[in-house]
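The values are calculated or read from the model by the stated rules, or taken from the named source; none is laboratory data. Quick caveat, the model's predicted, so the values are computed rather than measured. Please note: Cβ atoms are built from the backbone with ideal geometry, for glycine as well, and neighbour counts cover all protein chains shown. Heads up: the accessible areas ignore ligands, DNA and RNA and are worked out on the full protein's heavy atoms, side chains in. Shrake-Rupley method; radii C 1.70, N 1.55, O 1.52, S 1.80 Å.
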Amino acid sequence: MGGKWLVPLTAAATSFALADVVCDITIQPKEDAAVLPSAPKTKLSELELLEEAKKEHKMVKTKDHKQLTAAQDACVASFVSFLLVILLAFTRTQPVVPPTDINAVVLPEESASFSTELWAYKVLMPIVAGPLSFASYFFLLRAFESASSTVILPLVQLSSLWMLLGSSAQRYLMNEPWMQHPVHLLAYMLILLGGLLPAAKGNLATTLNKEFWAQKFVRLAVLSEVCNGTYNVLLSSYTQAVVPKGVKEAPTETTEFLLISRFAFVITSIIVYSATPFLRAEFLRFKSVDKKFILISFFGECLALSGYFLSSFAYKMYYQVALVHAAESSMIQFLNLLIAYTAKRFFNVGRESALADVRVKFFSFIFIASGLFCAAVEETPS
């Protein structure tokens, strides 16, 4: 396969990066964690900068932008997902649920066990993935209230660590090697390092401090990525479904997974918002939001869904889900930095933190690009 999987991954990363910049624009910030420098030289300068940050935060709160809250943006995401479900349901030519009679493609003695396996892959996996996707996105939007996308996105690399263990276990159960080429492990480490550098502002030792993990946006981003990482493992398992030996493989469609998981996403959002008074109140406050921010958010959610659809092809084409996830996160991060920096620098759109630690963020791109080059090595050594 070589580097062909990078084509849909790059397209998906571009969609996600644009969607994240839209979140910077549409979500009302409560506090911007990136206004503080990474290493103040003296205690006095640190206190002074903290006071400046508080003043800026106060100005942002008193300024009536009528932007969306994270909970309201999540409502827009659910509405766009609902429209997508309707579109996919009416344009499909085949039933979503696999036929019960599969004797035509399965050996008679294996039909019962394969029917159960087919049901798990075709229906249960995307149903479970739906609530995970909702939780991941909700936590991510909450993180956007405390920091900008250029600060949050590097943290998604943290989930790549445990995803490597999960995907390796998956490969073991499939009787497949966890890494098909020694260079791929190097690629994973380079991409992971490149992604973590901006989160630590160039000093990886800061990730060992409890103050780093005590930040609200860090906790929310980690929770988001735990859910998102599990979602991606399910997506990879679904698109690379293994069937019993001698059985004709049933086709697995990325649109099918997206349809069922997004339907579960919408149902989950309805249940959560109906059961939570605070979220119901946020929904009722939509009338006070400037309509232009709702339209911009709608456009951003369409971009995000496009990213989910395009990335599913990359997860299907490449065998190691952890490496794809790390590559996807790093590409989103770099493209987001480029877009956010350009928007703030030349058009004054976005947040001030988009201009912070630019040298470190661009330096991380060297590691990411090197890792992607290594990942493009053919899967099977010659």
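State whether one or more residues within region 155-176 are at pLDDT 75 or above and either part of a loop (DSSP other than H, G, I, E, B) or buried (at least 20 other Cβ atoms within 10 Å of the Cβ) (or both).
So far as region 155-176 goes, no, none of its residues is at pLDDT 75 or above and either part of a loop (DSSP other than H, G, I, E, B) or buried (at least 20 other Cβ atoms within 10 Å of the Cβ) (or both).
Within the option set Phe293, Phe265, being in contact with a strand residue (DSSP E or B) (Cβ under 9 Å, 6 or more places away or on another chain) and not acidic (Asp, Glu) holds for one residue only, Phe293.
Determine if region 277-300 includes at least one residue that is under 25 Å from Cys75 (Cα atoms), within 16 Å of the chain's Cα centre (by Cα) and open to solvent by less than 20 Å² (accessible area, probe 1.4 Å). Within region 277-300 (the criterion being under 25 Å from Cys75 (Cα atoms), within 16 Å of the chain's Cα centre (by Cα) and open to solvent by less than 20 Å² (accessible area, probe 1.4 Å)), the answer is yes, since at least one residue qualifies. Check Glu379, Glu301, Glu328 and return the single one that is closer than 23 Å to Tyr238 by Cα and at pLDDT 80 or above. Just a single option satisfies the conditions, and that option is Glu328. Modelled with pLDDT of 90 or more, open to solvent by 70 Å² or more (accessible area, probe 1.4 Å) and touching a helix residue (DSSP H, G or I) at 6+ places or on another chain (Cβ under 9 Å): is that true of Phe263 in this structure? It is true that Phe263 is modelled with pLDDT of 90 or more, open to solvent by 70 Å² or more (accessible area, probe 1.4 Å) and touching a helix residue (DSSP H, G or I) at 6+ places or on another chain (Cβ under 9 Å).
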